[in-house]
1. Is it the case that ASP267 is among the charged types (D, E, K, R), surrounded by 24 or more Cβ atoms within 10 Å (Cβ to Cβ) and over 14 Å from the mean Cα position of the chain (by Cα)?
2. Looking for whichever is part of a loop (DSSP other than H, G, I, E, B) and either open to solvent by 30 Å² or more (accessible area, probe 1.4 Å) or aromatic (Phe, Trp, Tyr) (or both) here; the options are ALA209, ALA178, ALA225. Which one fits?
3. Between ASP281, ASP291, which is touching a residue at least 60 places away in the same chain (Cβ under 8 Å), on the phi < 0 side of the Ramachandran plot and of a type in the set (Asp, Glu)?
4. Only one of VAL159, VAL107, VAL75, VAL83 is free of Cβ contacts under 8 Å to residues at least 60 places away in the same chain and open to solvent by 10 Å² or more (accessible area, probe 1.4 Å); which?
5. Given the conditions (1) in contact with a helix residue (DSSP H, G or I) (Cβ under 9 Å, 6 or more places away or on another chain); (2) outside any helix (DSSP H, G or I); (3) within 16 Å of PHE52 (Cβ to Cβ), report the number of the one that ALA204 does not fulfil.
6. Starting from the stretch 199-227, take each residue that is within 14 Å of PRO313 (Cβ to Cβ) and in contact (Cβ under 8 Å) with a residue 12 or more places away in the chain and list its partners that are among the aliphatic types (A, V, I, L, M) and open to solvent by 50 Å² or more (accessible area, probe 1.4 Å), counting only C-beta distances under 6 angstrom and pairs at least six apart or across chains.
7. So, THR260, is that one open to solvent by less than 60 Å² (accessible area, probe 1.4 Å), in contact (Cβ under 8 Å) with a residue 24 or more places away in the chain and polar (S, T, N, Q) or not?
Amino acid sequence: MSAPLRLISTDTALPPLDAYSEAVTHAAETVSPSVVAIEVRTGRRGGNGSGFIFTPDGFVLTNSHVVRDAEKINVSLLDGREVPARLIGEDEHTDLAVVRIDTPDLVPAQLGDSARLRPGQLVIAVGNPYGLQYTVTAGVVSALGRSLRAQSGRLIDNVIQTDAALNPGNSGGPLVTADGAVVGVNTAVFPGQGICFAIAANTAKHIGAILMRDGRVRRGYLGIAGQDIEIPRRLVRLHELTDPRGVLIMSVEPGSPAETAGVREGDVLVAFEDEPVRGIDDLHRRLTLIDLRRSYRLTIVRKSERLQPLVLPIEA
């Protein structure tokens, strides 16, 4: 007599997620309704990237290089809606841009405090490259306070370095922590090295607010050409400098703010408002977002003299 058959059920329950997977999944699900796909057209050429809604009334943050020179911008939401967008403003020096869409029932992302990030912290890069579904990669914060050179040639400060790989089309998407708060705007990747960069959320908040208000970011201009220099030790001791680096003034444009202030070729700029200037990039940072209605004190070394002329920058 044969033994009775036993039925084996195939409806096995899925195993519970481990803590790491749970954190990544929660973060992605939290921010994904805010993540959008951005498609641009310039003549016959097209491109795409990602972005994220950061206000309930339709302001979207993305990368400047995603929307630069765009003649037409369309945004696709995760729920399938496709809407036209208009460019509010962009700042190529920080690779940030703001576009706006006019449609109801938007879900803005929560902006976190990037200053509270720590190396080794879990971060998740989310994008929506083609408007079909969001993509997710996870990693850790590799380093903080990095500098990245923008396409304009200027340095972007306070950049987050991470090993959370960026998928194609994810530029402009959010970098989030385990609770889904946005701490960065994904901007660049070094192919083959596993190194990715994001503009810190605190920078994005500041630049985004200015772009929403003015449509552009104003920066100061002095009218000098210079080069980085290591100041001789005897001059460092003579003038009691806190840093041996500075900017050697190679030329001064006629009629410029620098000439009006008395700056000469051959001078060495060592401080701006008593803050050390360690090189050209440091000077560019000082001239970013300054108040163009007031004068600023420069500290100049001219051979055996230490001078502190006042200069009134104009808009670049």
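The values are calculated or read from the model by the stated rules, or taken from the named source; none is laboratory data. Since this is a predicted model, take the numbers as computed values, not measurements. Every residue, glycine among them, receives a Cβ derived from its backbone with ideal geometry; neighbour counts consider all protein chains shown. All accessible areas refer to the heavy atoms of the entire protein, side chains included, with ligands and DNA or RNA removed. Shrake-Rupley method; radii C 1.70, N 1.55, O 1.52, S 1.80 Å.
1. yes
2. ALA178 is the lone residue from the list that is part of a loop (DSSP other than H, G, I, E, B) and either open to solvent by 30 Å² or more (accessible area, probe 1.4 Å) or aromatic (Phe, Trp, Tyr) (or both).
3. Matching residue, one of ASP281, ASP291: ASP281.
4. Every option except VAL83 fails the conditions.
5. Of everything listed in (1) in contact with a helix residue (DSSP H, G or I) (Cβ under 9 Å, 6 or more places away or on another chain); (2) outside any helix (DSSP H, G or I); (3) within 16 Å of PHE52 (Cβ to Cβ), ALA204 misses just condition (2).
6. Cβ pairs passing all conditions: ARG219/ALA316; TYR221/ILE314; TYR221/ALA316.
7. no
Quick grid of which residues meet (1) farther than 16 Å from THR187 by Cβ; (2) modelled with pLDDT of 95 or more:
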{"site": "THR94", "(1), (2)": "no, no"}
{"site": "ASP102", "(1), (2)": "yes, yes"}
{"site": "SER114", "(1), (2)": "no, no"}
{"site": "ARG118", "(1), (2)": "yes, yes"}
{"site": "GLN121", "(1), (2)": "yes, yes"}
{"site": "GLN133", "(1), (2)": "yes, no"}
